[in-house]
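J.: Pasting a structure here, questions to come.
The values are calculated or read from the model by the stated rules, or taken from the named source; none is laboratory data. This is a predicted model, so every value here is computed, not measured. Backbone-built Cβ (ideal geometry, glycine too); neighbour counts: all protein chains shown. For the accessible areas, the whole protein counts, side chains as well, though only heavy atoms, and no ligand, DNA or RNA atoms are used. Shrake-Rupley method; radii C 1.70, N 1.55, O 1.52, S 1.80 Å.
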Amino acid sequence: MSLFITFEGPDGSGKSTQIGLVAEYLQQGGYQVYCTREPGGTAIGNQIRAVLHDVDNTAMTSRAEILLYSASRAQLVEQIILPHLAAGHIVLCDRYADSTYAYQGYGRQLDFDTLQAITGFATQNLKPDLTIYLDLEVEKGLQRKVAANTAGQGEWNRMDQLELEFHQRVRQGYLEMARTEPERWLVVDATASVADINRTICRRVEEKINRSNA
Ligand code: TYD
C-alpha cells in the first residue's frame, strides 16, 4: 500500500516536528516511510532552493519564482516520490503543490488556471492522498519565526519578508482549499500541544490507511 501525505502550513507552524513524529509512528507500525521537503529534496532541488530563498534575489519575477518552485517539484516527483510510491512506501512531504496555490495563487494573486497547468505538468498530475494543514494566526507564525531566528535557528527567506496582508491571504487560501476538498484535507490548530496535534494527525492517517486497505 502506498500513500502520499503532504504537510502545509505557515512558516513557524511546526510542520517538521509533526512530520518526524508521524514518520516514527508509521515506522513503528511496520510501514516503510520516506520523508522529503519542498523546495528541495534532491541535489538539483536544493540548488534551486538556494536561489529561491536568497534574500538578495529581490529582482526575481513572479513567473520565474513559480517556474523555479515547479522545477524543484518536477525533479522531486520523478526522481523520488513516484519511485517510492511504486515501491509501496508512504511518502511524507513538507510542502507540495498546495504551497504554490497558497503563496503564488492566493498570496501573489496570480492566475489559477496558469498555476494549475504548470503544476499538472511538473507533477505529472500526482496529487496527495492526504494533506495536513497546520493552521496558525499569521502574527503568531511570524513571531515564532522571528524568535527562532534570534535564537540562531531556522532561516529567514524571501517569502518571510513579505507584508502581513500577503501572509493573511495565504492563510485564507489554505482554509478555502481545505473547505472545498474536505476529504483530502485535515486542518489542525497549530497552537495545540505537540502531542495533541500528533494524535489528531495519526488518527486521520490511520483512517486513510484503513480505507485504502478496504
Ligand atoms: P522553508 O524554508 O521550507 O520554510 P517553511 O516550510 O518552514 O515555511 O520555506 C519555504 C518557503 O517557500 C515558504 O515561505 C513558502 C514558500 N513556497 C512558495 O511560495 N511556493 C511553493 O510552491 C513552495 C513549495 C514554497
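J.: Quick one: dipole size for the chain, taken about the Cα centre, charges +1 on Lys/Arg Cβ and -1 on Asp/Glu Cβ, in debye to the nearest 20.
T.: About 320 debye.
J.: Could you let me know the centre-to-centre spacing of region 82-104 and region 155-179, using Cα atoms, in angstrom?
T.: Between the Cα centres of region 82-104 and region 155-179 lies a distance of 19 Å.
J.: Projecting each Cα onto the charge dipole of region 3-213 (Lys/Arg +1, Asp/Glu -1 at the beta carbon, about the Cα centre), which of 173, 3, 106 comes out farthest on the positive side?
T.: Sorting the options by dipole projection puts first 3.
J.: Taking all protein chains together and a probe of 1.4 Å, list 114, 100 from the most accessible to the least accessible.
T.: 114, 100
J.: Going by amide H atoms built from the backbone, whose H comes under 5 Å of the H on residue 133, apart from near neighbours?
T.: Sorted by chain and number, the residues that satisfy this are 8, 186, 187, 188.
J.: Using the heavy atoms of the protein chains and a 1.4 angstrom probe, tell me the accessible area per residue for the chain in square angstrom.
T.: It amounts to 48 Å² per residue over the chain.
J.: Taking θ as phi - 60°, what are the ³J(HN,Hα) couplings along region 113-124 by the Karplus curve (6.51, -1.76, 1.60), each to the nearest whole Hz, with x for Gly and Pro?
T.: Working through the residues one at a time gives 4, 5, 4, 5, 5, 5, 5, x, 5, 5, 9, 6 Hz.
J.: Tell me the carbon and sulfur percent of the accessible area for the chain, rounded to whole percent, probe radius 1.4 Å.
T.: Using a 1.4 Å probe with all protein chains present, the chain comes out at 51 percent carbon and sulfur.
J.: If you don't mind, there's one more thing I want to ask. How do 54-65, 137-148, 81-92 rank on mean C-beta neighbours within 10 Å, highest first?
T.: The peptides rank, most packed first, as 81-92, 137-148, 54-65.
J.: Give the Kirkwood hydrodynamic radius (Å, one decimal) of the chain, defined as one over the mean of 1/r across all pairs of different Cα atoms.
T.: 17.6 Å
J.: Taking the alpha-carbon distance from residue 140 and a cut-off under 30 Å, which lysines remain once sequence neighbours fewer than 8 residues away in the same chain are dropped?
T.: 15, 127
J.: Run lengths n ≥ 4 of DSSP H only: what is the helix-derived mean residue ellipticity at 222 nm for the chain, with -39500 (n - 2.57) per run over all residues, to the nearest 500?
T.: Calculated mean residue ellipticity at 222 nm is -16000 deg cm²/dmol.
J.: With a sphere of radius 13 Å drawn around the Cβ of residue 142, what net charge do the other residues whose Cβ falls strictly inside it have (Lys, Arg +1; Asp, Glu -1)?
T.: Its environment carries a net charge of -2.
J.: Output ³J(HN,Hα) for region 162-175: one whole-Hz value per residue in order, computed from phi by the Karplus curve 6.51 cos²θ - 1.76 cosθ + 1.60 with θ = phi - 60°, and x for Gly and Pro.
T.: Those phi angles translate into 6, 5, 4, 4, 4, 5, 5, 5, 4, 5, 4, x, 4, 5 Hz.
J.: Only Cα pairs under 8 Å and at least 6 apart count here; give the relative contact order of the chain as a rounded whole percent.
T.: Here the relative contact order equals 31 percent.
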